[in-house]
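The values are calculated or read from the model by the stated rules, or taken from the named source; none is laboratory data. In this text the structure is predicted, and so the values were computed from the model without any measurement. Counting neighbours? That spans all protein chains shown, and the Cβs are built from the backbone with ideal geometry, glycine included. Areas reflect the complete protein model, heavy atoms only, side chains present, ligands, DNA and RNA absent. Shrake-Rupley method; radii C 1.70, N 1.55, O 1.52, S 1.80 Å.
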Amino acid sequence: MPENNKNERYILHSVSTAFAILDLFFEHEELSPAEIARHMDMNRSTAFRFLVTMEQSGYLIKTDNAKYRLGVKISSLGQVAHNRMELISLVHPFLVSLSEKTGESSHLAVMDDPVHVTFIDKSVGTLWLTMDIIIGYSKYAHLTGTGKAILAYKSDQFINQYIRSANFEACTPNSIKDAGSLLRTLDTIRERGYSIDNEEVEAGLYCIAVPILSRDAEPIASISISGPTTRMVANQESHLHHLKNAVSQIEHLIR
């Protein structure tokens, strides 16, 4: 069965329609509900509801003449995608090198919203029992080594907002369970320059992460090495050396 047919049952047609409406703005600077209805072969009231929904979400803005055009959020989303692609292109060879040197999986992660860290690239390890995270996987930052490495170098205002917004429900007995524990952990990370995830998301898995900082010491992302706890702890000093060396080279390239 062709791949498109296999995936057809998973498609939400309302979402597909919304994207099709956005596609119209590649060719038209402004469109009215009536014009959208004509292009999409739908009634005007349905087109209007789609437009209002997308306006409320920030993807469209309504003009003084009751037409709609692309909103700033679309531009911001495009810039995020562009920046991610550039970052992935730059960092990926270092992830591959880390996996080759250590045998463990390496990952690149970013924080694009106030509470979640998202894994945007990886290189799977060669050893038995490796950690393989799905690209796009997100988690509360305080639960992961990569997230804590980034969070530690955010502003006090950002961290305070994180504490107000995050859910401190534990995944394992080792998870950070409250704001006080998180603040103490972030102090430790800043002192030593790296973070760990010691079975805080899943029992048996251990991660070491180092932040990638801009010239102004702003956290851009973080990279990590992850694997089974026993093996990672036994080789932590060597893995950390490779990680810090990779980050030093990456920071030199981006500054």
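Could you list, in sequence order, the residues of segment 194-231 that are open to solvent by 20 Å² or more (accessible area, probe 1.4 Å), in contact with a strand residue (DSSP E or B) (Cβ under 9 Å, 6 or more places away or on another chain), in contact (Cβ under 8 Å) with a residue 12 or more places away in the chain and not in a strand (DSSP E or B)?
Of segment 194-231, the ones open to solvent by 20 Å² or more (accessible area, probe 1.4 Å) are 194, 196, 198-199, 201-205, 213-218, 220, 228-231.
So of that shortlist, the ones also in contact with a strand residue (DSSP E or B) (Cβ under 9 Å, 6 or more places away or on another chain) come out as 194, 196, 198-199, 201, 204-205, 213-214, 220, 228-231.
Of the ones still in play, those that are also in contact (Cβ under 8 Å) with a residue 12 or more places away in the chain are 194, 196, 198-199, 201, 204-205, 213-214, 220, 228-229, 231.
Once the filter is applied, which keeps residues that are open to solvent by 20 Å² or more (accessible area, probe 1.4 Å), in contact with a strand residue (DSSP E or B) (Cβ under 9 Å, 6 or more places away or on another chain), in contact (Cβ under 8 Å) with a residue 12 or more places away in the chain and not in a strand (DSSP E or B), segment 194-231 yields 194, 199, 201, 204, 214, 229, 231.
Go through (1) farther than 30 Å from residue 163 by Cβ; (2) free of Cβ contacts under 8 Å to residues at least 40 places away in the same chain and name the single condition residue 98 misses.
(2)
Among all residue pairs at least 6 apart or on different chains, which show Cβ distances below 8 Å where the first residue, located in segment 241-252, is within 12 Å of residue 224 (Cα to Cα) and the second is in a helix (DSSP H, G or I)?
Within 8 Å, the pairs are 242/98; 242/101; 242/102; 243/98; 246/94; 246/97; 246/98.
Scan 196, 133, 189, 150 and give me the residue that is within 27 Å of residue 104 (Cα to Cα) and at pLDDT below 95.
The match here is 133.
Within segment 158-193, work out how many residues are within 20 Å of the chain's Cα centre (by Cα), assigned to a loop (DSSP other than H, G, I, E, B) and loosely packed, with under 14 Cβ neighbours inside 10 Å.
Of the residues in segment 158-193, 1 are within 20 Å of the chain's Cα centre (by Cα), assigned to a loop (DSSP other than H, G, I, E, B) and loosely packed, with under 14 Cβ neighbours inside 10 Å.
With among the polar types (S, T, N, Q) and over 30 Å from the mean Cα position of the chain (by Cα) as the only criterion, which of 83, 43 stands out?
Working: 83 fails: over 30 Å from the mean Cα position of the chain (by Cα).
On inspection, the qualifying residue turns out to be 43.
Residue under question is residue 185, and the condition is that it be polar (S, T, N, Q) and within 27 Å of residue 85 (Cα to Cα); does it hold?
Working: polar (S, T, N, Q): yes; within 27 Å of residue 85 (Cα to Cα): no.
The answer is no for residue 185.
Hey, could you check segment 37-64 for residues that are of a type outside the set (A, V, I, L, M, F, W, C) and touching a residue at least 24 places away in the same chain (Cβ under 8 Å) and say which is nearest to residue 13 (Cα to Cα)? Let's see the steps before the verdict.
From segment 37-64, those of a type outside the set (A, V, I, L, M, F, W, C) are 38-39, 41, 43-46, 49, 53, 55-59, 62-64; that's our starting set.
The next check asks that each one be touching a residue at least 24 places away in the same chain (Cβ under 8 Å); those that pass are 53, 59, 63.
Working: 53: 15, 59: 18, 63: 27 Å.
Step by step, filter segment 37-64, then rank; the result is 53.
Is at least one residue of segment 83-93 among the small types (Gly, Ala, Ser) and either open to solvent by less than 60 Å² (accessible area, probe 1.4 Å) or not in a helix (DSSP H, G or I) (or both)? Full working, then the answer.
In the first step, residues of segment 83-93 are kept if they are among the small types (Gly, Ala, Ser); the result is 89.
Those left that are additionally either open to solvent by less than 60 Å² (accessible area, probe 1.4 Å) or not in a helix (DSSP H, G or I) (or both): none.
Within segment 83-93 (the criterion being among the small types (Gly, Ala, Ser) and either open to solvent by less than 60 Å² (accessible area, probe 1.4 Å) or not in a helix (DSSP H, G or I) (or both)), the answer is no, since none of the residues qualifies.
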